[in-house]
Every structure is written in C-alpha cells, then in structure tokens.
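Report on one structure; see the data block that follows.
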Amino acid sequence: MRTDLRIDWEIPATPPGLAGRLERFMGPGKSRAESAVELAGAGGCALLLAAGVWSTGAHRDWSGIQTLVVVLIGLDLLGGILTNATNAAKRWYHRQGEGVRRARLTFVGAHVLHLAAMGLVVLDGDWRWVLGQSAVLAVGAVTVEYAPVHLTRPVAMAVFTAATLIGLFWLTVPAALAWFTPLFFLKLLVCHLVPEAPLAPGAPPASGAPLERHGDG
C-alpha cells in the first residue's frame, strides 16, 4: 500500500476575470507536472492522429471547412481527455456543492455541437448519425452520472465499450474518422464523469474518509 500519497479535495483560490474562469473550466490548481503531461501527451497524440488521417488520403477529398472541423475536434478531444483526467479537474468537477451535477451534465450536453459539426459538415448532412450518437451520449451520460459511486468506474467502462461498438458497427464513419467515437466517449463518459480521488504527494491522514459522490445528491 502506498504511504506517500494523500487525497486532496481542497480547491485553491482562482484569480478574477477571464484567467479565473479559464482556470475553473480546466480545474484550479493544476500542477506543473500535470500540465507537462497534458501538453506532451496531447501533442504526441495529435501527431499520431494527423499521420493516421494523412495515411488514408481522405483529406484530399475534404473541403477547407471540413478539414478545419476535423482538426479542431481532434485537438479538442485529445486535449480534453488529458485535461479531464487530471487531479485538478477531478477535484473541481466532482466537488461538493449545489449544481455541480448539473454542471457536469451540461458540459457533456454541450458536446452535441461536436456531433452536429461532424455529422452535418464532415459527413455531408448525416442526420441519422447525429441523432443516433446524440441518443447514445444522452443515455450513456445519465447511466454513468447516476450510477452508485462504487460502481461508477466499471459502469462507465461498460457504457464506453458499448458506445464504441455501436459506432463501429451501426453508426459508422469512414476509416479516416474511426478515431472519433472512441475518443469522444472516452473524454466524456470516462474522463469527465467518473469521480476519482485527487491524489497529491505527502503522507495521508491518520484515518481517511471514504470517497463519496460529490455534487448534487
């Protein structure tokens, strides 16, 4: 058992204005090590994603706006996966307080815009795909969010796997976009919605309280 780590739910103060809003969006108190892993990981994965898409040759058939949508969504998903997995984000988005659960689900719901952009712009108006993926997102998010805290992680993994399989066999996309569904649901259902104790270096308290679902009820 590790004895050099402690659980730290204390949220540091944030500055006023835009800087503070940005910190609260990404999670206040992110360490330099977390930022370094986030930057290096997202950068490296972005290069792999770009190389993979380039190897398919699909980019030759995309318009300028389609290429822009793919690039922006790809960068957002890669960065979001790592950001939402940090201790800072876990501490912020799973803190105690009224309205926190609503904030988590609102964050997830806002990503319907990603689905609309991908389906209507890149997939040339595929409404069936947009509505199908939106339904999977809604059902999956509610299932994970309202699961008992001690089952949230395996429930999220089950829903993520189901969403990925649905995307592979029924809500299909061209090979150059095969990365979208797994990265999209990894970011939202696993990295964002699963509560995990934010660990920090240092000796743990003599007796620790059990992890509880933070947020509304």
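Filtering the stretch 129-138 to residues that are touching a residue at least 12 places away in the same chain (Cβ under 8 Å) and more than 15 Å from the chain's Cα centre (by Cα) leaves 129, 130, 132, 133, 134, 136. Answer yes or no: is there a residue in the stretch 77-91 that is of a type in the set (Gly, Ala, Ser), surrounded by fewer than 19 Cβ atoms within 10 Å (Cβ to Cβ) and at pLDDT 95 or above. The answer is no, given that none of the residues of the stretch 77-91 is of a type in the set (Gly, Ala, Ser), surrounded by fewer than 19 Cβ atoms within 10 Å (Cβ to Cβ) and at pLDDT 95 or above.
Let me confirm something: among 130, 144, 70, 136, which residue is β-branched (Val, Ile, Thr), assigned to a helix (DSSP H, G or I) and within 27 Å of residue 29 (Cβ to Cβ)? Step through it out loud before you land on a result.
Details: 130 fails: within 27 Å of residue 29 (Cβ to Cβ); 70 fails: within 27 Å of residue 29 (Cβ to Cβ); 136 fails: within 27 Å of residue 29 (Cβ to Cβ).
Only one candidate passes the filter, namely 144.
With the requirement that a residue be without any contact (Cβ under 8 Å) to a residue 40 or more places away in the chain and either of a type in the set (A, V, I, L, M) or not in a helix (DSSP H, G or I) (or both), what does the stretch 149-171 give you? Even if it seems obvious, please write down each step before you answer.
Looking only at the stretch 149-171, we keep the residues that are without any contact (Cβ under 8 Å) to a residue 40 or more places away in the chain, and these are 150-151, 154-170.
Matches in the stretch 149-171: 151, 155, 156, 157, 158, 159, 162, 163, 165, 166, 168, 170.
Filtering the stretch 1-23 to residues that are exposed (fewer than 13 other Cβ atoms within 10 Å of the Cβ) and either modelled with pLDDT of 95 or more or basic (Lys, Arg) (or both) leaves 2, 21. Scanning the stretch 38-69 for residues that are aliphatic (A, V, I, L, M) and closer than 14 Å to residue 80 by Cβ gives 39, 42, 46, 49.
Of all residues in the stretch 60-78, those that are within 19 Å of residue 44 (Cβ to Cβ) have Cβ atoms under 9 Å from Cβ atoms of residues that are basic (Lys, Arg) and surrounded by 14 or more Cβ atoms within 10 Å (Cβ to Cβ), 6 or more apart or on another chain, in 76/187; 77/187; 78/187. Among the criteria (1) touching a residue at least 12 places away in the same chain (Cβ under 8 Å); (2) part of a helix (DSSP H, G or I), the one residue 54 does not fulfil is (1).
For the stretch 173-197, the tally of residues that are touching a residue at least 24 places away in the same chain (Cβ under 8 Å), surrounded by 15 or more Cβ atoms within 10 Å (Cβ to Cβ) and not in a helix (DSSP H, G or I) stands at 7. Counting only residues that are farther than 23 Å from residue 95 by Cα, under 16 Å from the mean Cα position of the chain (by Cα) and surrounded by 15 or more Cβ atoms within 10 Å (Cβ to Cβ), the stretch 24-50 holds 4 of them.
The values are calculated or read from the model by the stated rules, or taken from the named source; none is laboratory data. If you're wondering where the values come from, they're calculated on a predicted model, not measured in any experiment. Reconstructed Cβ throughout: ideal geometry from the backbone, glycine too, with neighbour counts over all protein chains shown.
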